[in-house]
Structure formats: structure tokens, C-alpha cells
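The values are calculated or read from the model by the stated rules, or taken from the named source; none is laboratory data. Just so we're clear, the structure is a prediction, and the values are computed from it rather than from any experiment. A quick note on method: Cβ atoms are made from the backbone with ideal geometry, for glycine too, and the neighbour counts reach across all protein chains shown.
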Amino acid sequence: MLPPLDFKDIQEKLSTNFRPWQRSFQFWVRAVDIYTGYKVFQVRVSFEKDVQKQEAMWERQHELAADKIYSMCSDLGGFFLKCPMGFHYWIYDLEVMEWESGQLEFIWVMIAQIVGKPDLAPAAWVRRLVTLCDRAPATPFGDVQLMLEKELGQSIGEMFERFEMDPLGSASIAQVHRARLRGDKNDVVVKVQHPGIQDLMMTDIRNVQAFALYMQKTDIKFDLYSITKEMEKQIGYEFDFIREANAMERIRRFLYENNKKTPVLVPRVIRDMVSRRVLVMEYMDGIPILNLGDEIAKRGINPGGKIAAAAKQKILQSLTLAYGQMILKSGFFHADPHPGNILICKGSEVALLDYGQVKDLPEDLRLGYANLVLAIADDDPIRASESYREMGIDTVVKCENGQQEMLRLAQTMFDTKLPPGVVMLQPFSEESSIKKITVQAFPEELFSVLRTVHLLRGLSVGLGINYSCAEQWRSIAEEALYRAGRLKGKDLKSRVRRRGLLRRFF
């Protein structure tokens, strides 16, 4: 006799199998609507000759598109709340010491460059999409408890003296809870993965890959597909918390061993409480960097005074030193320094959280990038061109003075410094280097470095400090090349002596 049919189980299986197709359909309908909306508008606005009226029309179009993008990201969630390709932008008010962080999907930004104005990110998008940050829905506590007990093999009561049911925060892949282990005096953070999130997000990434491939073949002369392939690889790693724990321990050990005092604090892993979907680590007591302005105001410190400026300078120097050492000396680095992963602790110490996105650069890329850092710091176009070839960045120059434009492109992509009077770079404007130089191939591994530099630039804008990470990293790059036999001792001494003379002269 056949067993009775379980219609509820059949319904759940059908729903699970159909969900990727449903998400894909929703993505493409909305993406095509936004894209064609800009294309049609581009024709319509060309008939308007009055510049001010054109500006007003563009603003309305961007607001309309921003509402549609917001709706899509909010409804679909998953990858579209994470925005892993996004660059982070800060709208900064020096008087009230506040900034907002907006994660803008890189593909959407690219669309705006081609079909819209040359601003890096339309203000209407920033205003609308900034509210998407940290909006991922929390998993109910019952599901969290089931996941924890299944992964770690014990009940919550056996493992924890106290466990806060309400999460500290919920992101696209996981959420975190504050707790205290039995027999311990210190609190820990318990990171628990959302059930079923991996399949959902990988579907989203493949849709974005297809869209990126279309864009690079029709509108954008940049290797977008390689970037999305690197994203797929990196986000795939984020679902393995054992890998994240190993990365956290490796970076913590490297920074503590290579400095008298580590430039950034790294949480300690509770080793016997790690699985693929659960990670327990030391609780870091601090304030999110986005709340720094409020904290300064609470303490009665003048936001424009020397104390506030010194604190911000110290924060940025600590982060920059840590990243320079990780990228150029080790090649293994934390690849996601967005504001949500940065805490400010006592004494302006910086804690770096979330090691789901890390990158291990191949030796040739690490040394090639060290060479490019020196080219940028020394304003050397010949060295910049050599570094491009060494790293496998394939370019076609479409202008006169190509070497100088290659250097400008390197500065735009791989340095944090903004030109005088510029508050936000416009790399896709008609006068920008990326319009004059076609990037036909861009190594996937290098995108993590590119993204990290852009996030550091966003932080520097938010803190009101304009600086060059290439200049800060010059000595680290020289040491890396010297240790690899690429820079002779006499050349290194000459470079150090020349810098000393320049400092005294200026």
C-alpha cells in the first residue's frame, strides 16, 4: 500500500524549486524597466536646450529611478541588501559632524554613467538608498536556536549563561546576538547564518553577472564580468564560517606579530564554538564609526577643533597602516572595510569586524601592486604603465599623452587622494581617464584591492581628511619589493634619502 501524500511537503518543495525562477523574473523585469527608462529619457532630454531645465529633468528622472531601485532591493532582499559591489559614499556636514553611508549597487552606478549624467552617484539615489543599510530582516529566535543547537551539538542553556534573544544586528547573510558563556566573565558575539540564504543569494549574483555581461558588450568598455565573477567567488566564501574564523585568526596573528601595538583590534575566536554556519567570538566594546559625530557631541568636544581632528586622523592612520601591511606585506587582507565593520573603542582605537570577505593575493599581483603604489606616490607614469602590464591589466589608449592618462587612471582607481576642490571623483565623466583608456581585462583578484581603496576613500571623505594612501604605503611597498629582490639596497637608501631631503626642503 502506498503511503499517503503529504500535500504540505509537496507544496514546500515546489515553492523552494520555483523561488529562483520567480526571483530571476522579478529582477529582469525591474532591471529592464529602469535601464530602458533611462535610455528613453536620454532621447527626450536631448530636445531640451535650456541647461537649467535639463538639470531639473535629470533630477526628477533620478528620483523616479531611485524609487524603483529601492523597491526592487527592498522586495528581493538577499544580495540586493548586501550590495557587495557597492561603493560607499558619505554626505558629510562638518558643522553637525554627521554622515550617512549609502551602499550603491555598482552596476546601477555604471548605468547612470552611461545613460545619465557623469556624476559618480546621483544625489537622489544616495538619499533614497541610504535607508536600505542594515535593513535585512531578522531570523526568528526559534530558528536561531534550532540552528545553534544543530551546529554546535548542545542546547543553548548548556552553552550560555545568558543569551539575548533580540539580535544586535541582522545583515544579508547572518545576524549576531550578544551572549555570555557559562563560567566566563566576558561577553561574546554569536553569529548565526540565515537558513536557506546561500541558494537565494547565488541566484541573485548570477542574474547580475548576466546583466553585467550585457552592459559591457553594449555600453561600458570595462571588464565588468570579471568583477562579478570575483564577487561570486568572494560571497561564496562568506557562507563558510570556519573559513572566516581561520581568516580572523590569521590576520590577528599577523598584525599582532608585525607591530609593537596592533594598528587595529581583531576579535578573538572561541575555537571550540565554530561551525560552517555558526561563529562565536570575543565581544568588542565600541561605537560604530557612523556614530562618531554623535559621540563627539555628547562629550562636549568641538567638532571642528584640534581634539576631534586628532582623533579622526588617528583612526584613519590606524586603518591605513593595517591595510597597507595586510595588502603589501602579507597579501592576505580583510576586504570589506565599510563603516558597518568598523568600531571605535576607547582611546580612538579601531576594531575591524567581519572577516567573511578576505583576499589572498598571488605573489605577482602583490608585488605588481607594490610597484604601482610607488608609481602613484612618485607621480611616475612610466612605472605606472609597467605595473599595469605586470598585473595583467590590459588597456587600449585612445588619446594623446597615453602614459600620463594611464597614471591618472591609476590614481583614480587605486589612491584615496582627491584633487584640489573636488569632494567626489567623477571617473566616468567625459574628461576622465576611463573614457580615454579602454580596460579590456582586469584581474579578478585585483577588484578586492580596488574596492578596499574606494572604501578607504569614502572613510576619508566622511572624516573630512584628504590624504593619499599611496604616499602612506610608500615605505611598506619599498620594503615588500626589497624583500622580493626587486629593489636593491642602494636604491632603497637613495629613495629614503631623497624623501628626507624633500621633506626638509618643503
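Is there a residue in segment 330-347 that is surrounded by 17 or more Cβ atoms within 10 Å (Cβ to Cβ), at pLDDT 95 or above and out of contact with any strand residue (DSSP E or B) (no Cβ under 7 Å at 6 or more places or on another chain)?
Yes: one or more hits.
Taking strands (runs of 3 or more DSSP E) that do not extend beyond segment 237-338, which have at least 3 residues that are under 21 Å from the mean Cα position of the chain (by Cα)?
Because the criterion is at least 3 residues that are under 21 Å from the mean Cα position of the chain (by Cα), the strands (runs of 3 or more DSSP E) in segment 237-338 that meet it are 332-334.
Name every residue in segment 275-291 that is crowded, with 21+ Cβ neighbours inside 10 Å and touching a helix residue (DSSP H, G or I) at 6+ places or on another chain (Cβ under 8 Å), in order of residue number.
ARG277, VAL278, LEU279, MET281, ILE289
Considering only residues of segment 114-168 that are of a type in the set (Gly, Ala, Ser) and either in a loop (DSSP other than H, G, I, E, B) or in contact with a helix residue (DSSP H, G or I) (Cβ under 6 Å, 6 or more places away or on another chain) (or both), which is modelled with the lowest pLDDT?
Here is the first cut: in segment 114-168, the ones of a type in the set (Gly, Ala, Ser) are 116, 121, 123-124, 136, 138, 142, 153, 155, 157.
Of the ones still in play, those that are also either in a loop (DSSP other than H, G, I, E, B) or in contact with a helix residue (DSSP H, G or I) (Cβ under 6 Å, 6 or more places away or on another chain) (or both) are 116, 121, 124, 136, 138, 153, 155.
Details: GLY116: 35, ALA121: 53, ALA124: 71, ALA136: 70, ALA138: 87, GLY153: 95, SER155: 95.
Looking at residues that are of a type in the set (Gly, Ala, Ser) and either in a loop (DSSP other than H, G, I, E, B) or in contact with a helix residue (DSSP H, G or I) (Cβ under 6 Å, 6 or more places away or on another chain) (or both), I get GLY116.
Would you say ALA297 is at pLDDT below 95 and not β-branched (Val, Ile, Thr)?
Against the criterion (at pLDDT below 95 and not β-branched (Val, Ile, Thr)), ALA297 qualifies.
Among the numbered criteria (1) under 30 Å from MET159 (Cβ atoms); (2) modelled with pLDDT of 95 or more, which one does MET326 miss?
(1)
State whether one or more residues within segment 218-228 are surrounded by fewer than 21 Cβ atoms within 10 Å (Cβ to Cβ), within 28 Å of ARG19 (Cβ to Cβ) and of a type in the set (Lys, Arg).
No, that holds for no residue.
Please determine, by comparing only the residues of segment 33-76 that are of a type in the set (Gly, Ala, Ser) and touching a Leu at 6+ places or on another chain (Cβ under 8 Å), which one is surrounded by the most Cβ atoms within 10 Å (Cβ to Cβ).
ALA66
Provide a single number: the residues in segment 375-394 that are hydroxyl-bearing (Ser, Thr, Tyr) and in contact with a helix residue (DSSP H, G or I) (Cβ under 6 Å, 6 or more places away or on another chain).
Qualifying residue count, segment 375-394: 2.
Matching residues to (1) of a type in the set (A, V, I, L, M, F, W, C); (2) more than 26 Å from ARG206 (Cα to Cα); (3) modelled with pLDDT of 85 or more:
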| site | (1), (2), (3) |
| --- | --- |
| ARG19 | no, no, no |
| ARG30 | no, no, yes |
| GLN42 | no, yes, no |
| VAL51 | yes, yes, no |
| LEU76 | yes, no, no |
| MET85 | yes, no, no |
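Of (1) under 24 Å from the mean Cα position of the chain (by Cα); (2) under 21 Å from TYR283 (Cα atoms); (3) surrounded by 21 or more Cβ atoms within 10 Å (Cβ to Cβ), LEU148 satisfies all except one. Which?
(1)
For residues in segment 437-463 being farther than 20 Å from GLN234 by Cβ and surrounded by fewer than 19 Cβ atoms within 10 Å (Cβ to Cβ), which is modelled with the highest pLDDT?
Applying the filter and picking the extreme gives GLN440.
Mind listing just one residue for me: the one in segment 169-185 that is loosely packed, with under 13 Cβ neighbours inside 10 Å and of a type outside the set (Asp, Glu) and, of those, nearest to the chain's Cα centre (by Cα)? Step through it out loud before you land on a result.
Going residue by residue through segment 169-185, those that are loosely packed, with under 13 Cβ neighbours inside 10 Å are 182-185.
This time we only want the ones that are of a type outside the set (Asp, Glu), so: 182-183, 185.
On the way: ARG182: 36, GLY183: 38, LYS185: 34 Å.
Within segment 169-185, the match that is nearest to the chain's Cα centre (by Cα) is LYS185.
Failed condition for GLU238, given (1) more than 20 Å from ILE342 (Cβ to Cβ); (2) modelled with pLDDT under 95, with all others met?
So the condition that GLU238 fails would be (1).
So how many residues does segment 387-398 have that are touching a residue at least 40 places away in the same chain (Cβ under 8 Å) and either surrounded by fewer than 17 Cβ atoms within 10 Å (Cβ to Cβ) or among the aliphatic types (A, V, I, L, M) (or both)?
Selection size over segment 387-398: 7.
A quick yes/no check of all residues on (1) of a type outside the set (Gly, Ala, Ser); (2) out of contact with any Cys (no Cβ under 7 Å at 6 or more places or on another chain); (3) buried (at least 16 other Cβ atoms within 10 Å of the Cβ):
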site: LEU352; (1), (2), (3): yes, yes, yes
site: PRO362; (1), (2), (3): yes, yes, no
site: LEU372; (1), (2), (3): yes, yes, yes
site: ALA375; (1), (2), (3): no, yes, yes
site: SER385; (1), (2), (3): no, yes, yes
site: GLU400; (1), (2), (3): yes, yes, no
site: GLN404; (1), (2), (3): yes, yes, no
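Evaluate segment 358-370: report whether one residue or more is touching a residue at least 60 places away in the same chain (Cβ under 8 Å) and part of a strand (DSSP E or B).
Yes, segment 358-370 has at least one match.
Out of all the residues in segment 193-211, is one or more in contact (Cβ under 8 Å) with a residue 24 or more places away in the chain, part of a helix (DSSP H, G or I), of a type in the set (Asp, Glu) and surrounded by 15 or more Cβ atoms within 10 Å (Cβ to Cβ)?
Checked against the condition, which is being in contact (Cβ under 8 Å) with a residue 24 or more places away in the chain, part of a helix (DSSP H, G or I), of a type in the set (Asp, Glu) and surrounded by 15 or more Cβ atoms within 10 Å (Cβ to Cβ), segment 193-211 yields at least one hit.
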